[in-house]
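*Asks:* Take a look at the following structure, please.
The values are calculated or read from the model by the stated rules, or taken from the named source; none is laboratory data. Bear in mind the structure is a predicted one, so any value in this text is a computation, not a measurement. With ideal geometry, Cβ positions are generated from the backbone for all residues, glycine too; neighbour counts draw on all protein chains shown.
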Amino acid sequence: MSGIVHIQWMGPHPNTDWRPDNLPVVSVGELALTIKRYIEQGFEVVRVRGEISGCKRPGSGHVYFSLKDSEACLDAVCWRMAASRLAIQATDGLEVIATGRMTTYPDRSRYQLVVERLELAGEGALLRLLEERRRRLGEEGLFDAARKRPLPFLPEVIGVVTSLTGAVIRDILHRLENRFPRRVLVWPVPVQGSEAAARIAAAIDGFDRLAPGLPLSRPDVLIVARGGGSLEDLWAFNEEIVVRAAARCSIPIISAVGHETDTTLIDFAADVRAPTPTAAAEMAVPVRIDLAERLLSLRSRLVNGASRTLEERRGRLLAAIRGLPKPQVLLAMARQRLDDRNERLQRGLDVGIERRRQRLAQSRHRLAPPTNQLAHAATRLAGERRALEAGLRAFLAARRNNLHRAARLLESISYQRVLERGFAIIEDDRGRPLTSAQALRAGMRVVIRLADGTTFALIEGRRATPRRNRSGNGGQGILL
């Protein structure tokens, strides 16, 4: 459709000849496009204040949300390029002022605000958000003083996270050069805008992941710095992603964001807060000239102290030497005592040996000849041997008689004697004796053990009735 479709008023018309049939007919799409152009021309630039609700970020990079207050709700969209330039990130519950233009979405007959700029609704809202975030992160322990680490006295490598375009990096490098030149690794990041927080956190994590010994050596200390600005300008350093990156970093961090009166949440998570970036450089390294002067002073004090100590020890040694007697006198007295002790020892040895010789002679006379003792012991041993042999023979004879009696008794009650009288033992094929006729079954193989040997038999299918012998007793055996 070209041109503008005029939408006529449907109310009362002064012309009495007016009829609804005289209105031109337009399509739905034509009507929607007309409304779209009308709204876009009438609201090219608007600023709307409201609370963000239902914020969504699909993979396309666009941001969709709603602005609402107590009276109405307005759909809003921020395209990907504009979203990358936002000073703050859209978050549910955040009260903001959105700047953009109004348009419509004809597919759903809805109007919406295309956001080009997003800012918090006044500094009071920023401060309330900042205080709530500080309280919540503090309750997690991210700001505890026990987590703070001391800075190294003289770091070999210093990492700096800041922008390359500002004066901050020049001030830091200049102050380091004046105080104590060190190797500096700079990780350039934007320090303002919607991408700043993610880039700053990635830089801190990137330094932390560097391993010692690589071409890019791991820094001994990090400086996260930015120049001064408004609360909105410094807001990237209040984002939760930056605070958590600083809290988990294993490298000591110096926070140097803004001026002395500026405070951001990274100041609480860092190990040390510097009032300015220049002060951060001063905290990172000492003054080389001061160290050299101190070393010279300590060296002079060490030399003087050592000289005084040696002189004092020398004087005390000379005084001790003068108080000692001459060595010849001490040795003469000791030599004389040695000769005296030697002579007394020799006499004592002679006397002691003589006394022991006399006691030995006396003991030898009192002892009986060993031949008599040996003969007496041999006689006593022979008598005990004869007695032992007699007792052993009697013991063996008694045991032999008992054994003979037991053998005769065993032979008299042996089942072999019973078999010799005409009896037999019937066993199954496993060698178990069968004591009852009921245990026999037709077709069963049995073993019959007699006095002079064994034989095998097969049980027929009938059971025999026991016969009585002439004496009236029950008969033995089974008819097979």
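*Asks:* Just to be sure, is A320 loosely packed, with under 10 Cβ neighbours inside 10 Å and among the small types (G, A, S)?
*Replies:* On the way: loosely packed, with under 10 Cβ neighbours inside 10 Å: yes; among the small types (G, A, S): yes.
Yes: the conditions hold for A320.
*Asks:* Moving on to the next point. Give segment 209-234 a look and list any residue that's within 28 Å of the chain's Cα centre (by Cα), crowded, with 16+ Cβ neighbours inside 10 Å and in contact (Cβ under 8 Å) with a residue 40 or more places away in the chain, or say none. Give the steps one after another, and end with the answer.
*Replies:* The first filter runs over segment 209-234 and keeps only residues within 28 Å of the chain's Cα centre (by Cα), leaving 209-214, 217-222.
With the extra rule that they be crowded, with 16+ Cβ neighbours inside 10 Å, the set shrinks to 210, 218-222.
Across segment 209-234, the qualifying residues are R218, P219, D220, V221, L222.
*Asks:* For I254, are the conditions met, namely being of a type outside the set (S, T, N, Q) and buried (at least 19 other Cβ atoms within 10 Å of the Cβ)?
*Replies:* Considered against the rule, which asks whether it is of a type outside the set (S, T, N, Q) and buried (at least 19 other Cβ atoms within 10 Å of the Cβ), I254 comes out as yes.
*Asks:* Are any residues in segment 54-68 more than 17 Å from G100 (Cβ to Cβ) and more than 41 Å from the chain's Cα centre (by Cα), and if so, which ones?
*Replies:* Within segment 54-68, no residue meets the criteria.
*Asks:* Tell me yes or no: at least one residue of segment 261-277 is touching a His at 6+ places or on another chain (Cβ under 9 Å) and either at pLDDT 95 or above or not in a helix (DSSP H, G or I) (or both). Reasoning before the result, please.
*Replies:* Just the residues of segment 261-277 that are touching a His at 6+ places or on another chain (Cβ under 9 Å), to begin with: 275-276.
If we keep only those that are either at pLDDT 95 or above or not in a helix (DSSP H, G or I) (or both) too, we end up with 275-276.
There is at least one residue in segment 261-277 that is touching a His at 6+ places or on another chain (Cβ under 9 Å) and either at pLDDT 95 or above or not in a helix (DSSP H, G or I) (or both).
*Asks:* If you don't mind, another one. Among the candidates L33, L74, L86, single out the residue that is outside the structural domain of A198 (by TED's automatic domain parsing) and free of Cβ contacts under 8 Å to residues at least 40 places away in the same chain. So that I can check it myself, show each step before the final result.
*Replies:* Details: L33 fails: free of Cβ contacts under 8 Å to residues at least 40 places away in the same chain; L86 fails: free of Cβ contacts under 8 Å to residues at least 40 places away in the same chain.
The match here is L74.
*Asks:* What is the residue count in segment 390-430 for residues that are assigned to a helix (DSSP H, G or I) and under 30 Å from F456 (Cβ atoms)? Spell out the reasoning first.
*Replies:* Step one: filter segment 390-430 for residues assigned to a helix (DSSP H, G or I), giving 390-412, 415-420.
Then keep just the ones that are under 30 Å from F456 (Cβ atoms); that gives 410-411, 415-420.
So the count comes out to 8.
*Asks:* Is it the case, given these coordinates, that V272 is within 15 Å of P150 (Cα to Cα), crowded, with 21+ Cβ neighbours inside 10 Å, of a type in the set (V, I, T) and touching a residue at least 60 places away in the same chain (Cβ under 8 Å)? If you could, list the steps in order and put the result at the bottom.
*Replies:* Details: within 15 Å of P150 (Cα to Cα): yes; crowded, with 21+ Cβ neighbours inside 10 Å: no; of a type in the set (V, I, T): yes; touching a residue at least 60 places away in the same chain (Cβ under 8 Å): yes.
For V272, the condition - within 15 Å of P150 (Cα to Cα), crowded, with 21+ Cβ neighbours inside 10 Å, of a type in the set (V, I, T) and touching a residue at least 60 places away in the same chain (Cβ under 8 Å) - is not met.
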